Amino acid sequence: MTFLQSFQSNICSPMILAFAFGIICRLIKSELTIPRDLYSSLSIYLLLALGLKGGVELSQVEWRDLFLPAAVTILLGCITPVSSYLTLRYLGKFSIADAAGIAAHYGSVSAVTFIPAEKFVFANLGEQSVAPYMPTLLTLLEIPGIQIALAIGVVGLAKSRALQETGLADPQEPSPSRSMGAIWHELLTARSMVLLVGGMIIGLIIGYDGFTSVKPFFDKGDWMFKGALTIFLLEMGLVAGTRLSDLKHAGAFLIAFGIAMPILHGALGVYLGTLAGLGVGSSTVLGTMAASASYIAAPPAVRMTLPEANPTYYLTAALAITFPFNLLLGIPIYFRIASALVGQ
Amino acid sequence: MNTHPLTLLTIVSETLLKERLIHELREAGAKGFTITEVSGEGSRQRRVSEILGENIKIEVIVKPEIADKILSVLQKQFFPRYAVVAYLSEVQVVREEKYI
């Protein structure tokens, strides 16, 4: 399959078209909105389904098969926030807080990008081509990126304040330092984390037999899940469409960053995936995970801990640039890289 | 009816701060409060609501000195960094002992 063909097959899925439709609704200034409660309900359903199915499949996995992929995933989670921060701070000349805030988003992972990536691979290589433990890797990748970027931000700001205090008379009042314990608690109990991990534990306990009773409702291959994802992506399109007008505030550098950084992280993710012995399909999904930017777990964490960071930057970059890019072009690109590396 | 003057402190903030603000109110000695979900835009005009939720309005009736105490906490920890506004008004209440 050529790149163009895989790109076309990606574009013509109902989810991607719903996303594009959402953007168009905003561009033509339609008053269409998805009720906030429906958005919350859908995200709870999608995350729980993802965790549940992941847990059920994990119950069949040998733990030693998981070791190497888990190790490279955590390594990815440690590299991506640092590379993002350094790029933003020293090439993009962003402030410490802004650079760290954006880095937290790019270091973490977007579950909603993960699902279309899996769907894309299923469509190209079949259901067996993605390792059953990928949702486990998703949860592993979610936390370290946010933590590392927040730590860089908090420490960096404290240092620059200390410098200011020796020089200037009127340093800003330091923000009440939130204890590391409070930040950890917040990240580990965040909605996306609790749902994924909780679903996974339930899945592990019930196994394939127990899953049959709820399968039509929760199974990723089933109509219910796909339909919910389509509506969810329509909402994401609406949100991204609203954010498009913020692109002019974001500036050329952030736009370039929102496209180049995912490609670099995606390529690195695919490469490390193949090193860990993952196949084309799983490496593509791991690459997409590394390339994606979180917008469920990261925004509240950053807003709480690094309030100095401007939300316009991180939300616009993650939602209006990187998410559509990954959805439309990124996933086929990572798939091509994986195919080339594995030699198919 | 026998009424007493007390201070109504109204805080409008991003939803994210709900738990922290409640904690501060309790610390300062407020007995109770009412929270409603509201929407709007302020001088910061940073629309983050689609991900982080709309705003909340917290209303709390307290003695003037407690209102003052809460305001100074807001001034120190919240006003510089978050989207928060707060204002005072005088209200007349019955059953004063419920509030102080």
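The values are calculated or read from the model by the stated rules, or taken from the named source; none is laboratory data. If you're wondering where the values come from, they're calculated on a predicted model, not measured in any experiment. Here the Cβ is made from the backbone with ideal geometry for all residues, glycine too, and neighbour counts use every protein chain on show.
Starting from the stretch A:316-344, take each residue that is touching a residue at least 12 places away in the same chain (Cβ under 8 Å) and list its partners that are in a loop (DSSP other than H, G, I, E, B), counting only C-beta distances under 6 angstrom and pairs at least six apart or across chains. Pairs found: A:T316/A:D246; A:A318/A:A293; A:A318/A:Y295; A:L319/A:Y295; A:T322/A:A293; A:N326/A:S292. If you go through the stretch A:124-133 and pick out every residue that is surrounded by fewer than 24 Cβ atoms within 10 Å (Cβ to Cβ) and either free of Cβ contacts under 8 Å to residues at least 12 places away in the same chain or touching a Ser or Thr at 6+ places or on another chain (Cβ under 6 Å) (or both), you end up with 3.
Could we say that A:G107 is touching a helix residue (DSSP H, G or I) at 6+ places or on another chain (Cβ under 7 Å), buried (at least 24 other Cβ atoms within 10 Å of the Cβ) and modelled with pLDDT of 90 or more here? In short, yes. Note on the stretch A:239-257: among residues that are under 20 Å from the mean Cα position of the chain (by Cα) and modelled with pLDDT of 90 or more, the one that is surrounded by the most Cβ atoms within 10 Å (Cβ to Cβ) is A:F257. I need the full set of residues from the stretch B:40-65 which are at pLDDT below 95 and touching a helix residue (DSSP H, G or I) at 6+ places or on another chain (Cβ under 7 Å), in order please. Answer for the stretch B:40-65, where residues must be at pLDDT below 95 and touching a helix residue (DSSP H, G or I) at 6+ places or on another chain (Cβ under 7 Å): B:R46, B:V48, B:E50, B:I51, B:L52, B:G53, B:E54, B:N55, B:I56. Only residues that are out of contact with any Lys or Arg (no Cβ under 8 Å at 6 or more places or on another chain), facing chain B (nearest Cβ under 8 Å) and either part of a helix (DSSP H, G or I) or of a type in the set (S, T, N, Q) (or both): list them for the stretch A:295-327, please. Matches in the stretch A:295-327: A:P299, A:P300, A:R303.
Only one of A:L254, A:L234, A:L238, A:L229 is assigned to a helix (DSSP H, G or I), farther than 15 Å from A:G330 by Cβ and touching a Pro at 6+ places or on another chain (Cβ under 9 Å); which? Let's see the steps before the verdict.
On the way: A:L254 fails: touching a Pro at 6+ places or on another chain (Cβ under 9 Å); A:L234 fails: touching a Pro at 6+ places or on another chain (Cβ under 9 Å); A:L238 fails: touching a Pro at 6+ places or on another chain (Cβ under 9 Å).
Selected residue: A:L229, the only one of A:L254, A:L234, A:L238, A:L229 that is assigned to a helix (DSSP H, G or I), farther than 15 Å from A:G330 by Cβ and touching a Pro at 6+ places or on another chain (Cβ under 9 Å).
Within the stretch B:53-76, count every residue that is free of Cβ contacts under 8 Å to residues at least 40 places away in the same chain, closer than 22 Å to A:E308 by Cα and assigned to a helix (DSSP H, G or I). Result for the stretch B:53-76: 3.
Checking the conditions here, which among A:V56, A:V61 is touching a Phe, Trp or Tyr at 6+ places or on another chain (Cβ under 7 Å), under 18 Å from A:E118 (Cα atoms) and β-branched (V, I, T)? Spell out the reasoning first.
Numbers: A:V61 fails: under 18 Å from A:E118 (Cα atoms).
None of the others qualify; the one that does is A:V56.
Select from the stretch A:266-283 the residues that are within 16 Å of A:A71 (Cβ to Cβ) and not in a helix (DSSP H, G or I) and list them in ascending order. Residues satisfying the conditions are A:A276, A:G277, A:L278. In summary, A:L315 fulfils each of the numbered conditions (1) at pLDDT below 90; (2) surrounded by fewer than 24 Cβ atoms within 10 Å (Cβ to Cβ) with the single exception of condition (2).
A quick yes/no check of all residues on (1) surrounded by 14 or more Cβ atoms within 10 Å (Cβ to Cβ); (2) closer than 29 Å to A:L187 by Cα:
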residue	(1), (2)
B:G29	no, no
B:E37	no, yes
B:A67	yes, no
B:E96	yes, no
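Answer with yes or no whether B:V84 is touching a Ser or Thr at 6+ places or on another chain (Cβ under 8 Å), within 14 Å of chain A (Cβ to nearest Cβ) and in contact (Cβ under 8 Å) with a residue 40 or more places away in the chain. Even if it seems obvious, please write down each step before you answer.
Details: touching a Ser or Thr at 6+ places or on another chain (Cβ under 8 Å): yes; within 14 Å of chain A (Cβ to nearest Cβ): yes; in contact (Cβ under 8 Å) with a residue 40 or more places away in the chain: yes.
Considered against the rule, which asks whether it is touching a Ser or Thr at 6+ places or on another chain (Cβ under 8 Å), within 14 Å of chain A (Cβ to nearest Cβ) and in contact (Cβ under 8 Å) with a residue 40 or more places away in the chain, B:V84 comes out as yes.
For residues in the stretch A:273-294 being of a type in the set (S, T, N, Q) and within 18 Å of the chain's Cα centre (by Cα), which is nearest to the other protein chains (Cβ to nearest Cβ)? Going through the qualifying residues, I end up with A:S294.
Taking the listed residues B:L25, B:L17, the one that is within 14 Å of chain A (Cβ to nearest Cβ) and in a helix (DSSP H, G or I) is B:L17, with no other qualifying.
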